[in-house]
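Chemist: Below is the structure I would like to discuss, written out as structure tokens.
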Amino acid sequence: MSLIRSLRRVAAALLCLSPAIAFSQTAPSASLTVVHCPALFDSVAGTMLGPTSVFIQGDKFQKVEPGVASADGATVIDLSGVTCLPGLIDDHVHLDGQFGKNTYMEAAHLNFANQVLRSTLYARRTLLAGFTTVRNVGDTDYDTVALRDEIAAGNVVGPRIFTAGPAISTTGGHADRTNGLSLELQGDPGPLQSIFNGPDEARKVVRLHYKNGADLIKAMPSGGVMDLGTNGSGPQMSQDELDALVATAHDYGMKVAVHAHGAEAIRRSVIAGVDSVEHGTFMDDEDIKLMVQHHTFYCPTVYTAVYVTEQAKLGAYPPAVTAKALTVGPQIMNTVSRAYKGGVKFAYGTDAGVYPHGQNWHDFIYLVKAGLPPAYTLQMATINAAQLLGHDDELGSVTAGKYADLVAVPGNPLDDISVMSKVNFVMKAGVVYKRDGQEVLTLE
Ligand SMILES: [Zn+2]
């Protein structure tokens, strides 16, 4: 058989596959499990329920009943002294990297394979911290597409992933990985490396992401802190570029998240119809009004801003990054507070990877410090995050028919939000990954 014919056969076979490959595995037995929760957070109502029995059949919730109930032949998991919550969702992570003191040097010598292997550890830590679903908003060369599929196939332990693939940027923009390199090494990355200029290339780069398996689009219409460019917040995409990018993504059913610090970049993005603004540091009153009007979600990544400010003071970054971190970082608490009071809808997004993976709980603490009610921060990390993903029909609450993602913390997070750092029970799609604070081995 010729090569072309072989490829055609493969292509024909692939066309018959369901696109829902991300959810096709984990295939727990269809046996019935009942989890007895002394208390359960109702993420839809934003209230705490008393003792509740959660019935799980296969990978889905079957029913939820008040009190202590069971059924013939059911496996009972009796959780005492805890509060149960829906599996947590972090809508802003970077699972294939983690900043450390060697990061900028490693960019030159770390092999891509090493980076991918590390991502499996970061994914496992994230799941064991209670985050059963994440949105990966920026990777290197689609490695989190592979990570997503290997987790879904049961070959790697980690959260359910929705990924944007590599973040999209303009020449010299925040996601241009050649920033700061010698002129010989910079070259012109172009659309194949997720760098575009002009509306036509914006359409092309979005279509390439769709073709390469991304679930959504992450664009960088403003400068940022962690790259080696000098401008940390100015606009880096024109209105016509953003309009073309967002309209094309939406044509393909892909949502758009934008990294934007400066007020003008936020304004252009919201007008173009993006689904979420990440960071939003210098959001002004007009931006807040526009976001409310356009139902644009805000992922504040609050702890990352605090963390990079602390790290910059310790001399952890190169000079260009330090200068930006000290300007951008300290603004965030005030912005979060103003945006919440202004009526903007929030989803939980941490930027884990800028700080160590598995510590995604930090944002709960700082969001409460910024004045948000604890119950709202829990809704941000459950039902709101699921809505932003466009998957609140199957994720984000303990509701019959949704994926059986359930976690527990020792204590009541409405009284003491810091218990979110002590997740001691984790179930994803009906499979228990952590119990009594210990990891349960699930790989054979
Ligand atoms: Zn990020």
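Chemist: Two decimals, Cα atoms only, Kirkwood Rh: what is Rg/Rh over the chain?
Modeler: In the chain, Rg relative to Rh is 0.97.
Chemist: Ignoring ligands, DNA and RNA, please state the percent of accessible area on the chain from carbon and sulfur, probe 1.4 Å.
Modeler: Values: 9940 of 18260 Å².
The value for the chain is 54 percent carbon and sulfur by accessible area.
Chemist: Less than 20 Å apart at the alpha-carbon level, and either on another chain or at least 8 residues along: which lysines does that give for Lys63?
Modeler: Counting by Cα, and skipping residues close in sequence, Lys63 has these lysines nearby: Lys402, Lys428.
Chemist: Send over a whole-number figure in Å² for the accessible area per residue of the chain, probe 1.4 Å.
Modeler: Spelled out: the 1.4 Å probe surface of the chain, per residue, equals 41 Å².
Chemist: Let me ask you something else. Quick one: putting +1 on the C-beta of Lys and Arg, -1 on the C-beta of Asp and Glu, what dipole do you get for the stretch 88-389 around its Cα centre, in Debye to the nearest 20?
Modeler: Around 740 debye, computed over the stretch 88-389.
Chemist: Further question: Among the aspartates and glutamates, which have Cα under 18 Å from the Cα of Lys324 when same-chain residues fewer than 8 positions away are ignored?
Modeler: Within the straight-line limit of under 18 Å, Lys324 reaches these aspartates and glutamates: Asp176, Asp227, Glu264, Glu278, Glu310, Asp351.
Chemist: Check cross-link reach from Lys211 to the lysines: straight Cα distance under 23 Å, and skip same-chain residues fewer than eight apart.
Modeler: Hits, sequence-local ones excluded: Lys255.
Chemist: Quick one: which of 321-331, 236-246, 103-113 comes out on top by average Cβ neighbours within 10 Å, and what's the full order, highest first?
Modeler: 236-246, 321-331, 103-113
Chemist: Of the candidates Ala352, Ala260, Ala153, which one comes out as most mobile in a Gaussian network treatment of the chain with C-alpha springs shorter than 10 Å?
Modeler: So, out of Ala352, Ala260, Ala153, the one fluctuating most is Ala153.
Chemist: Could you tell me which of rounded, prolate or oblate describes the stretch 95-171, using a ≥ b ≥ c as the square roots of the eigenvalues of the alpha-carbon gyration tensor, with rounded for a/c under 1.5 and, failing that, prolate when a/b is larger than b/c and oblate otherwise?
Modeler: It is prolate, given that a/c is not under 1.5 and a/b is the larger ratio.
Chemist: Take the alpha-carbon centre of the stretch 281-337, take the same for the stretch 76-108, and report the distance between them in whole Å.
Modeler: 20
Chemist: Put +1 on the Cβ of every Lys and Arg and -1 on every Asp and Glu Cβ in the stretch 88-389; which of Thr304, Gln387, Tyr376 then has its Cα farthest towards the positive end of the dipole?
Modeler: Of Thr304, Gln387, Tyr376, it is Tyr376.
Chemist: Testing the spin-label approximation: label points 7 Å from Cα along Cα→Cβ at Lys422 and Ile271. State their distance in nm.
Modeler: The answer from the label model is 5.0 nm.
Chemist: Shifting gears a bit: Could you give the angle, 0 to 90 degrees to the nearest 10, between helix 302-313's Cα long axis and the longest principal axis of the Cα atoms of the chain?
Modeler: Helix 302-313 sits at roughly 50 degrees to that axis.
Chemist: Tell me the mean residue ellipticity at 222 nm calculated for the chain from its helices only (DSSP H runs of n ≥ 4, each -39500 (n - 2.57), averaged over every residue, nearest 500). Kindly include the intermediate steps, with their values, before the conclusion.
Modeler: Values: 15 runs with 147 residues, N = 444.
Result for the chain, helices only: -9500 deg cm²/dmol.
Chemist: Ranked by accessible surface with a 1.4 Å probe, highest first, in what order do Lys60, Lys211, Lys218 come?
Modeler: Lys211, Lys60, Lys218
Chemist: Quick check for you: which residues of the stretch 303-322 have the amide N under 19 Å from the point 7 Å beyond the Cα of Met105 toward its beta carbon?
Modeler: 312, 314-322
Chemist: Normalise the Cα radius of gyration of the stretch 282-407 by 2.2 N^0.38 Å (N = residues in it) and let me know the number.
Modeler: Compared with the compact-globule rule of thumb, the stretch 282-407 sits at 1.15.
Chemist: Next question, about the same structure. Between Gln438 and Leu314, what's the calculated FRET efficiency when r is the beta-carbon distance and R0 is 25 Å? Round to 0.05. Present the calculation step by step, with values, prior to reporting the outcome.
Modeler: Working: r = 34 Å, r/R0 = 1.34.
About 0.15, to the nearest 0.05.
The values are calculated or read from the model by the stated rules, or taken from the named source; none is laboratory data. All values reported here derive from a predicted model rather than from experimental measurement. Neighbour counts run over all protein chains shown; Cβ positions are idealised from the backbone, glycine included. SASA here: full protein model, heavy atoms, side chains in, ligands and nucleic acids out. Shrake-Rupley method; radii C 1.70, N 1.55, O 1.52, S 1.80 Å.
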